[in-house]
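One structure is given here, and the rest of the page talks about it.
A short reminder: the numbers here are calculations on the coordinates, not readings from a lab. Note that the structure is a prediction, hence the values are computed from the model and not measured. Here the Cβ is made from the backbone with ideal geometry for all residues, glycine too, and neighbour counts use every protein chain on show.
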Amino acid sequence: MTESSTKQIAFKVQRYDPEQGDAPHWQQFAVPSSRGMTVLEGLIYIKENLDSTLAFRTSCRMGICGSCGMLINNYPHLACHTQIEEFHSNTLTVRPLPNLSIIKDLVVDLTPMFNNHKSIKPYILRQDAQEMENPTAEFAQIPQELNDFLQFAYCIKCGICVAACPTSASDRLFLGPQALAQCYRYCADGRDEGQQERFSLVDTDHGIWRCHLAGACSEACPKGVDPALAIQLLKRRLASQALGLRKKQQPSSVVSPPAETKPKIPFPEFTVKGSE
Amino acid sequence: MRATRFHLLHMITGVLIAVLLGIHMVRLHLDSILDWFGVDTTDSTSWESMIARASEGIWAALYIALLAVALYHALYGLRGIILELTPSVKAGRIITWSFIMIGIGAFGWGTYVPLHLLSS
């Protein structure tokens, strides 16, 4: 970092340690920032140089693992996916994600979200258990069928949609946008036969009909997943079934894997020959 | 599919309220339109006129239907709001049954006048 390209950014970070018994409070750090620097890099700078007791989650640093979700300037973001200069401000406030209980500082307890995710059975359910346990072939799926749910499969379970959801803020029994969107993702999968099983899990007093389509989840999602759309599509499936308008889908058939074929373009010869 | 059916009914009653309340509003307040159709709207907001209307079978049925759909729509919506603010399975059960009792009570009370006028 050269002197000319850096400027000091004030990081106002919410600190909270339940074991110490203190109430959540703010602590300010001066962080030298340069072009392209992310909020996560700022937090790593604080941890390495200013205060090693600061707690936050991080892993991949490239928006894949979903560990570093936090409230930056009062909006949920992935810290690794958010550059400091995006805010055009010399002050940044960093807080833990709302609607989830705090473990320490910026680390929240994602257990309720993962429990909701697990409750909707986020895996392929088939009637032919024998084939599932001991597969002999592949389940057929054409690219158009894949496109029906592909964008919802990009969910990284960061919890940002849950933090943005106004219903999750008031109703702690609400399944949340993450679980409901994943419910649709698996119901829309042509290989799956577990729709009825999942419908009974989301068709409850605190299930899918508590979503008011605020759309905050879709707006906040750092991966461009549209949970609000998935929830609407799932509502349509439920309503169609309740009105008797839905035809029963045939699950995809089991097909043999494609036979090995020769590559169309021959593999290029090595330009550097080994010594013979 | 219980919650889905109740929610669909909530949406259908919303549309029915617009239709039934629309008929009521047109009959009472849009005299010029009804005059154009040749309907006698003399003094349609007076007490006597209202009692006379309620004594007719079709109007009594319309008002009873409006009461039923409005009560369902309002109480189901309110129940949803309260369920969100008091997220507990036990509280949810108490709230649901309280609203069912309030709904039945209000419907019985509200239908008493048109039924009484019809039978007299």
Among A:LEU125, B:LEU83, B:ALA3, whose Cα projects farthest towards the positive end of the dipole of the protein assembly as shown, with charges put on the beta-carbon of Lys, Arg (+1) and Asp, Glu (-1)?
A:LEU125
J(HN,Hα) series, the stretch A:73-86, from Karplus relation 6.51 cos²θ - 1.76 cosθ + 1.60, nearest Hz, glycine and proline x
6, 6, 9, x, 9, 8, 5, 7, 9, 10, 7, 4, 6, 4
Once you have the Cα-Cα distance between A:TYR123 and A:GLN83, take 0.36 nm times their residue separation minus that, and quote the gain in nm to one decimal.
10.9 nm
Suppose the chain between B:THR86 and B:PHE107 were pulled fully straight at 0.36 nm per residue; how much longer would it get relative to their current alpha carbon spacing?
4.9 nm
Give me A:TRP26, B:TRP47, A:TRP209 sorted ascending by neighbouring Cβ count inside 10 Å, so fewest comes first.
B:TRP47, A:TRP26, A:TRP209
What distance in nm separates the two pseudo spin-label positions at A:GLN144 and A:ASN115, each 7 Å out from Cα along the beta-carbon direction?
4.3 nm
For the stretch A:1-83, state the average projected area of the convex hull of the C-alpha atoms over all orientations, rounded to one decimal in nm².
5.9 nm²
Could you list A:SER252, B:SER98 so that the one with the fewest beta carbons within 10 Å of its beta carbon is first and the one with the most is last?
B:SER98, A:SER252
With axes computed from alpha carbons, what is the tilt in degrees of helix B:89-119 against the longest principal axis of chain B, rounded to the nearest 10 within 0 to 90?
20 degrees
With no solvent and one equal point scatterer placed on each C-alpha of chain B, evaluate the Debye formula and give log10 I(q)/I(0) for q = 0.12, 0.13, 0.18 Å⁻¹, two decimals.
-0.58, -0.65, -0.99
What does the extension gain come out to for A:ALA153 and A:HIS25, with contour length at 0.36 nm per residue minus their alpha carbon separation?
42.3 nm
Which of A:ALA164, A:GLN20, A:TYR154 sits farthest toward the positive end of the charge dipole of chain A, with +1 on the Cβ of Lys and Arg and -1 on the Cβ of Asp and Glu?
A:ALA164
Lys/Arg +1, Asp/Glu -1 at C-beta; chain A dipole; positive extreme among A:PHE270, A:GLY215, A:ALA181:
A:GLY215
Going from the fewest other Cβ atoms within 10 Å to the most, one would list B:VAL26, B:VAL69, A:VAL108, B:VAL89 as B:VAL89, B:VAL26, B:VAL69, A:VAL108
Quick check on the protein assembly as shown: of the DSSP beta bridges with both residues there, what percent are antiparallel, nearest 5%?
85 percent
Is there a quick way to get the dipole size of the stretch A:8-108? I mean about its Cα centre, with the Cβ of Lys and Arg at +1 and of Asp and Glu at -1; what is the value in debye to the nearest 20?
160 debye
At A:ASP17 and B:SER32, where each label point lies 7 Å from the Cα along Cα→Cβ, what is the point-to-point distance in nanometres?
7.5 nm
Suppose every Lys and Arg Cβ carries +1 and every Asp and Glu Cβ carries -1, with no other charges. What dipole size does chain A come out with about its Cα centre, to the nearest 20 debye?
560 debye
Taking Cα pairs under 8 Å and at least six residues apart, what relative contact order does the stretch B:2-119 come out at, in percent?
32 percent
Helix-derived [θ] at 222 nm for the protein assembly as shown: sum -39500 (n - 2.57) over DSSP H runs of at least 4, divide by residue count, nearest 500?
-14000 deg cm²/dmol
Please compute, for the alpha-carbon atoms of the protein assembly as shown, the extent along each of the three principal axes and give them in descending order in Å.
112, 62, 47
Using θ = phi - 60° and Karplus 6.51 cos²θ - 1.76 cosθ + 1.60, couplings along the stretch A:248-253 (whole Hz; Gly, Pro as x)
6, 7, 7, x, 5, 7
Under a GNM of chain A (C-alpha, springs under 10 Å), which listed residue has the highest mean-square fluctuation: A:ILE265, A:ILE72, A:ILE84?
A:ILE265
Can you tell me the FRET efficiency between B:ILE58 and B:ARG5 if r is taken as the Cβ-Cβ distance and R0 is 22 Å, rounded to the nearest 0.05?
0.15
So if we plug the beta-carbon distance of A:ASN90 and B:ILE100 into 1/(1 + (r/R0)^6) with R0 = 45 Å, what FRET efficiency do we get, rounded to 0.05?
0.20
Given A:LYS118/A:LYS157; A:LYS121/A:LYS157; A:LYS47/A:LYS104; A:LYS47/A:LYS223; A:LYS157/A:LYS223, the pairs whose alpha carbons are separated by over 19 Å:
A:LYS47/A:LYS223
Pick out which of A:CYS221, A:CYS211, A:CYS65 has the largest mean-square fluctuation in a Gaussian network model of chain A, springs linking Cα atoms closer than 10 Å.
A:CYS65
